[in-house]
Amino acid sequence: MMVNLFSVFDPSSSILNMSINWMSTFLGIILIPTQLWLIPSRMTSLWTLFLSYLSKEFKLLLPKNITSPLLIFISLFFLIMMNNIMGLLPYVFTSTSHMLMTLTLALPLWLSFMIYGWIMNTNHMFVHLVPQGTPVALMSFMVCIETISNIIRPGTLAIRLAANMIAGHLLITLMGSTGPSLSLILVSMLILGQIALLVLESAVALIQSYVFVTLSVLYSSEVY
């Protein structure tokens, strides 16, 4: 049962033995009309307001006069959000429910932060290994703990995003699979529950992309 249940996340669509599941990653970009970027409209104004709000939110988490990574973080936010939302559509492959996708996003970010921090701000990085006020007897122990917590950061970022996307999709699949064996009244209640769950998953898609990028911004702020 569990194998069949998780098989909904397996890449299975192919043309000429070439997997086309990962094309869903670019499906949202293809669906965006070209005139959105060329002709001013209420949608572009709303988009600009949303961008400026995100920029202000992320700027608060970064040190003063550090604004260069903002474009990367905002682009990453929209990439994750777009893939999360597209995964809610029927027959669309949810790329963000796979560690291959989430770890590909998290690991290069963390690695670039570490390389920059240890090369440009070596003393600052050593200071972060020992929290302020740590007793001398516990310093070596705290260095080990901080080092391990730092190393597992890309894994926690990737697992958090993938697990949250998988959990909602599994619940929707479980509820949908019980429909044929229920009575008309129970089916009506099931449909209402599915609609409510879909609304919740839409919120989760937005929240998880925000959490992923916010944690990435916090991690980057430690290397300056």
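The values are calculated or read from the model by the stated rules, or taken from the named source; none is laboratory data. In this text, all values refer to a predicted model and were calculated from it rather than measured experimentally. Ideal geometry is used to build each Cβ from the backbone, glycine not excepted, and the neighbour counts take in all protein chains shown. For accessibility, only protein heavy atoms count, side chains too; no ligands or nucleic acids. Shrake-Rupley method; radii C 1.70, N 1.55, O 1.52, S 1.80 Å.
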Original post:
Just for segment 128-149: of the residues that are under 28 Å from the mean Cα position of the chain (by Cα) and touching a residue at least 12 places away in the same chain (Cβ under 8 Å), which one is least open to solvent (accessible area, probe 1.4 Å)?
Top reply: Leu129
Subject >> Which numbered condition Ile29 misses (of (1) without any contact (Cβ under 8 Å) to a residue 12 or more places away in the chain; (2) open to solvent by 60 Å² or more (accessible area, probe 1.4 Å)) >> reply: (1)
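Let's see how each residue does on (1) free of Cβ contacts under 8 Å to residues at least 60 places away in the same chain; (2) open to solvent by less than 30 Å² (accessible area, probe 1.4 Å); (3) aliphatic (A, V, I, L, M):
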{"position": "Leu89", "(1), (2), (3)": "yes, no, yes"}
{"position": "Ser95", "(1), (2), (3)": "no, yes, no"}
{"position": "Gly117", "(1), (2), (3)": "no, yes, no"}
{"position": "Phe126", "(1), (2), (3)": "yes, no, no"}
Original post:
What residue, of Ser41, Ser75, is open to solvent by 30 Å² or more (accessible area, probe 1.4 Å) and either over 22 Å from Thr102 (Cβ atoms) or of a type in the set (D, E, K, R) (or both)?
Top reply: Ser41
**OP:** Considering each of Ser183, Ser188, Ser202 in turn, give the residue that is of a type in the set (Gly, Ala, Ser) and touching a residue at least 40 places away in the same chain (Cβ under 8 Å).
**Re:** Ser202
Subject >> Which listed residue is at pLDDT 90 or above, aliphatic (A, V, I, L, M), in contact with a Gly (Cβ under 8 Å, 6 or more places away or on another chain) and surrounded by 17 or more Cβ atoms within 10 Å (Cβ to Cβ), from Ala162, Ala158, Ala205 >> reply: Ala205
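Conditions tested, residue by residue: (1) touching a Cys at 6+ places or on another chain (Cβ under 9 Å); (2) over 30 Å from Leu51 (Cβ atoms); (3) outside any helix (DSSP H, G or I).
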{"site": "Gln132", "(1), (2), (3)": "no, yes, yes"}
{"site": "Thr147", "(1), (2), (3)": "no, yes, no"}
{"site": "Asn150", "(1), (2), (3)": "no, yes, no"}
{"site": "Ala163", "(1), (2), (3)": "no, no, no"}
{"site": "Gly176", "(1), (2), (3)": "no, yes, no"}
{"site": "Ile191", "(1), (2), (3)": "no, yes, no"}
{"site": "Gln194", "(1), (2), (3)": "no, yes, no"}
**OP:** Check whether at least one residue in segment 50-57 is at pLDDT 85 or above and open to solvent by 100 Å² or more (accessible area, probe 1.4 Å), and report yes or no.
**Re:** yes
Original post:
Do we find that Leu170 is in a helix (DSSP H, G or I) and within 30 Å of His124 (Cβ to Cβ) in this structure?
Top reply: no
Subject >> In segment 62-72, the residues that are at pLDDT 85 or above and open to solvent by 60 Å² or more (accessible area, probe 1.4 Å) >> reply: Leu71, Ile72
Original post:
Does segment 134-145 hold any residues that are of a type outside the set (S, T, N, Q) and either under 17 Å from Leu215 (Cβ atoms) or in a loop (DSSP other than H, G, I, E, B) (or both), and which are they?
Top reply: Pro135
